[in-house]
Amino acid sequence: MTSTAISAQGSVLSIGTGSGAAKTISGISLGNPTIITATAHGFANGDVVTLAGLTGADAAVLNGQTVSVRNVTTNTFAVYIDTTGKTITAAGTATSATFTAIMNVRSFSGFDGSASEIDVTNLASVAKEFVLGLVDSGQFTFEIDYDSDSAGHVALRSKQVSGVLSNFKMQLPDATVITFNAYVKKFSLAGGVDAVVRSSVDLRISGAVTGL
């Protein structure tokens, strides 16, 4: 049988470095996912937006959230936040994050976390019993050929120094878009005879990974 494997060649990793224009939210359909109407928003699946200005008793569920958009149509998009039974009124904005590509990526691995185990064994148990708790999305690591003038490399170093949580996006050659938030935990340099300078970067993911 012919392999259906996805080639890693052509994958693009990007870091969030700014914001685009705010788009007006004119409608909202509550549920899971939540469907948001913003006329001619121009977003694509996998874009990252920050929601603001929504009203209603439960508006805090969405306001301030930075999320990946999915199921895009010309005038609507979905966000995977459960608003079933909530009271939220449309009148806010969705502002997209802008991304800078991280050049010269040689290899990557990650999303290696797991759910915590909660021991629920009691005196009536005949063996150890567990339920799963929250999922820890783990780390994402990659190696790059270092370029001190590359905007993506400069952004990585800046985020490591500042300790600020950042948006990241990985686009695979089959159009899969994976988005996540992470801290730049490590940014090291290494070199040698007949070798280019390389950096090993560790990202500590915070929150959910979207698109896997």
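The values are calculated or read from the model by the stated rules, or taken from the named source; none is laboratory data. This is a predicted model, so every value here is computed, not measured. Because the Cβ atoms are built from the backbone with ideal geometry, glycine has one as well, and the counts that use them run over all protein chains shown. The accessibility values were calculated without ligands, DNA or RNA, using every heavy atom of the protein model including side chains. Shrake-Rupley method; radii C 1.70, N 1.55, O 1.52, S 1.80 Å.
Of note:
- Only a single criterion out of (1) out of contact with any Asp or Glu (no Cβ under 7 Å at 6 or more places or on another chain); (2) under 30 Å from D147 (Cβ atoms); (3) of a type in the set (S, T, Y) is not satisfied by S96, namely (1).
- Unmet criterion (only one of (1) at pLDDT 95 or above; (2) hydrophobic (A, V, I, L, M, F, W, C); (3) open to solvent by less than 40 Å² (accessible area, probe 1.4 Å)) for V12: (3)
- A search for C-beta distances below 9 Å between a residue of the range 146-172 that is over 20 Å from T95 (Cα atoms) and any residue that is open to solvent by 40 Å² or more (accessible area, probe 1.4 Å) and assigned to a helix (DSSP H, G or I), counting only pairs 6+ apart in sequence or on different chains, returns S148/V154; S148/R157.
- Residue selected from the range 157-170 under the condition of a type in the set (A, V, I, L, M, F, W, C) and outside any loop (DSSP other than H, G, I, E, B), by the criterion most open to solvent (accessible area, probe 1.4 Å): V161
- First in the range 103-117 and under 17 Å from S14 (Cβ atoms) and charged (D, E, K, R), second anywhere and at pLDDT 95 or above and open to solvent by 50 Å² or more (accessible area, probe 1.4 Å), Cβ under 8 Å, 6 or more apart: R106/E143; R106/R198
- The residue of the range 84-125 that is modelled with the lowest pLDDT, among those that are touching a helix residue (DSSP H, G or I) at 6+ places or on another chain (Cβ under 6 Å) and among the β-branched types (V, I, T), is I88.
- Residue in the range 32-41 that is nearest to G211 (Cα to Cα), counting only those that are loosely packed, with under 14 Cβ neighbours inside 10 Å and either under 23 Å from the mean Cα position of the chain (by Cα) or not β-branched (V, I, T) (or both): N32
- Residues that are loosely packed, with under 14 Cβ neighbours inside 10 Å, part of a loop (DSSP other than H, G, I, E, B) and among the small types (G, A, S), drawn from the range 171-212: A175, G191, G192, A195, S206, G207
- The set of residues from the range 110-134 being under 30 Å from Y183 (Cβ atoms) and open to solvent by 60 Å² or more (accessible area, probe 1.4 Å) comprises D112, S114, E117, I118, D119, F130, V131, L132, L134.
- Residues that are out of contact with any strand residue (DSSP E or B) (no Cβ under 7 Å at 6 or more places or on another chain) and aliphatic (A, V, I, L, M), drawn from the range 55-75: A57, A59, A60, V61, V72
Condition check ((1) farther than 30 Å from E143 by Cβ; (2) open to solvent by 20 Å² or more (accessible area, probe 1.4 Å); (3) among the polar types (S, T, N, Q)) across all residues:
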residue	(1), (2), (3)
G18	no, yes, no
T24	yes, yes, yes
N45	no, yes, yes
L51	yes, no, no
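- When the range 53-72 is limited to residues that are among the polar types (S, T, N, Q) and open to solvent by 20 Å² or more (accessible area, probe 1.4 Å), the one that is nearest to S166 (Cα to Cα) turns out to be T66.
- Considering residues of the range 120-156 that are of a type in the set (A, V, I, L, M, F, W, C) and part of a loop (DSSP other than H, G, I, E, B) only, the residue nearest to F108 (Cα to Cα): V120
- In the range 149-182, the qualifying residues are those that are touching a Lys or Arg at 6+ places or on another chain (Cβ under 9 Å) and not aromatic (F, W, Y), and the one that is farthest from A208 (Cα to Cα) is Q160.
- Evaluating R106 against the criteria (1) within 21 Å of the chain's Cα centre (by Cα); (2) closer than 19 Å to S19 by Cα leaves one unmet condition, (2).
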